[in-house]
Amino acid sequence: MSDRLFFVIPCYNEQEVLPETAKRLERKATGLIAAGRISPESRIVFVNDGSTDGTWEMIKKLHAGNPLFSGVNLSRNRGHQNALLAGLLTVRPYADVTISMDADLQDDIDASDEMLSKYYEGVDIVYGVRKARGTDTFFKRTTAQCFYRLMNFMGARTIYNHADYRLMSRRALDGLNEFGEVNLFLRGIVPMIGYPSDVVYYERDKRFAGESKYPFGKMLAFAMEGITSLSTRPIQMITGLGCVIFLVSLLILAYSLARHAMGSTVAGWTFLAVSIWAIGGLILLSLGIIGEYIGKIYLETKARPRFIVEQFLDREHGTREGRA
Ligand code: UDP
Ligand code: MG
C-alpha cells in the first residue's frame, strides 16, 4: 500500500499563477498515483494566506472540480512561514508524508520524484536545495546570499540555499508539532527535529507570473525574525564588546603610566580617559550578563522539546517508535 502524499502550498495573492500551478501539480500527482507510488487518497492542499484577490475563490473552484484539490483558508494574512505551518499541521492527521513548495512554480515540481524515492528509502526530511541562482536578479541573488551568511554568522543555522521546498514524513511533522513557539522560523526549526535527512538539488526557475511577495524590506524583517527567534548570539556580542572596551581602558591606563614614567603628563587626562572607558566597558559587560539570563529565559519560554525519541528497544515492552 503506497503512502498518502500531501502537497502543501501557501498562497498569497497568487491568482495569476494558481491555474498553472494547479494544472502542473495535478499532472504530477495523477502520474504518481497511476504509477502506484502514492495513494489515491493523496491531496494537493492550497493554503490561502489572507489574499485580497481571487485566490480563495479559485481554490474553492478547484476543490469543487476535483477532490484531489483541497484548501485551507486562514482568517487573515499571517505571512509565508505561518501559512506553511498552518497547512502542514492541518494535514498532519491525514498525511503519511508532505511536500511543501511555493505557489509560483519557482521550485522544480519534478524534484519531488527524487524526494519521494529518498522517503521510501527511510529518510524523514528531504531538503530541496537550489543549484544556482542564475534566474534570480543580481540584487535578489546577492541580498539572499548575504541573508544566509548573516544568519549563519549570528548562530541561526539553516540549510544553505534551501527555501521551503521540502519533504517531511508524518513523524517529522509530529516532531515539528512539539515546537510550540510563536515566532516560528521553519527553516531553522526543521533541522532541530532530527531524524535521517537528505538533500535533493534542483534548478530554481523564474517566478511563473505575478510579483515576488518578498520585497527587500520583508526579507530583512525575515532575517531579523530568524536571528532573534533562533539565536542569542547578539547578546553574547554585547558581552564581548564590553570585555573589549574594558580591556581598552586597561591599555589606556598602562599607556598613561608609561607616559608618566617618562615624565610627560597632562593633569587629569589619565583619570578621565580611563574612567570613561572602564565605566563604559563595565556597563556593557553587565548588560551582557543580564542579557545572557534574559536569553536563557527567552529560550525557556519557548518550551521546545528537550528530546525526541526515535526508537525505544525493549524486549519486554516491544520495540516502539515514540516521542517525548
Ligand atoms: N506567501 C504567503 N504569505 C505571504 C507572502 C508570501 O503565503 O505573506 C507565499 C507566496 O504565495 C508564495 C511563497 O509564500 O507561494 C513565497 O513567496 P514569493 O515567491 O513571493 O517569495 P520569493 O520567491 O520572491 O522569495
Ligand atoms: Mg518565489
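Here is how the numbers come out for the structure above:
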read-out	value
Conditions (1) within 16 Å of ligand 1 (Cβ to nearest atom); (2) in a helix (DSSP H, G or I): number failed by Gly31	(1)
Unmet requirement for Asn183, which otherwise passes all of (1) closer than 23 Å to Ala111 by Cβ; (2) within 14 Å of the chain's Cα centre (by Cα); (3) touching a residue at least 24 places away in the same chain (Cβ under 8 Å)	(1)
Cβ pairs under 8 Å, 6+ apart, first in the range 189-216 and farther than 21 Å from Asp49 by Cα and within 12 Å of ligand 2 (Cβ to nearest atom), second at pLDDT 80 or above and assigned to a strand (DSSP E or B)	Arg204/Arg130
Residue in the range 120-127 that is within 16 Å of ligand 2 (Cβ to nearest atom), surrounded by 17 or more Cβ atoms within 10 Å (Cβ to Cβ) and assigned to a loop (DSSP other than H, G, I, E, B) present	no
Among residues of the range 24-82, those that are in contact with a Pro (Cβ under 6 Å, 6 or more places away or on another chain) and closer than 16 Å to Arg4 by Cβ, counted	1
Filter result for Ile252 (in a helix (DSSP H, G or I), over 30 Å from Asn77 (Cα atoms) and away from ligand 2 (no atom under 16 Å from the Cβ))	yes
Search result, residues across the range 24-70 that are of a type outside the set (Val, Ile, Thr), closer than 23 Å to Ser169 by Cβ and in contact with a strand residue (DSSP E or B) (Cβ under 7 Å, 6 or more places away or on another chain)	Leu25, Ala29, Leu32, Ser39, Ser42, Arg43, Phe46, Leu68, Phe69, Ser70
Out of Ala273, Ala303, Ala223, sole residue that is within 16 Å of ligand 1 (Cβ to nearest atom) and either surrounded by 13 or more Cβ atoms within 10 Å (Cβ to Cβ) or in a loop (DSSP other than H, G, I, E, B) (or both)	Ala223
Residue match in the range 109-131 (condition: touching a residue at least 12 places away in the same chain (Cβ under 8 Å), over 21 Å from Asn13 (Cβ atoms) and within 11 Å of ligand 1 (Cβ to nearest atom))	yes
The range 1-51 - residue that is among the hydroxyl-bearing types (Ser, Thr, Tyr) and over 25 Å from the mean Cα position of the chain (by Cα) and, of those, farthest from Thr98 (Cα to Cα)	Thr30
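The values are calculated or read from the model by the stated rules, or taken from the named source; none is laboratory data. Quick caveat, the model's predicted, so the values are computed rather than measured. With ideal geometry, Cβ positions are generated from the backbone for all residues, glycine too; neighbour counts draw on all protein chains shown.
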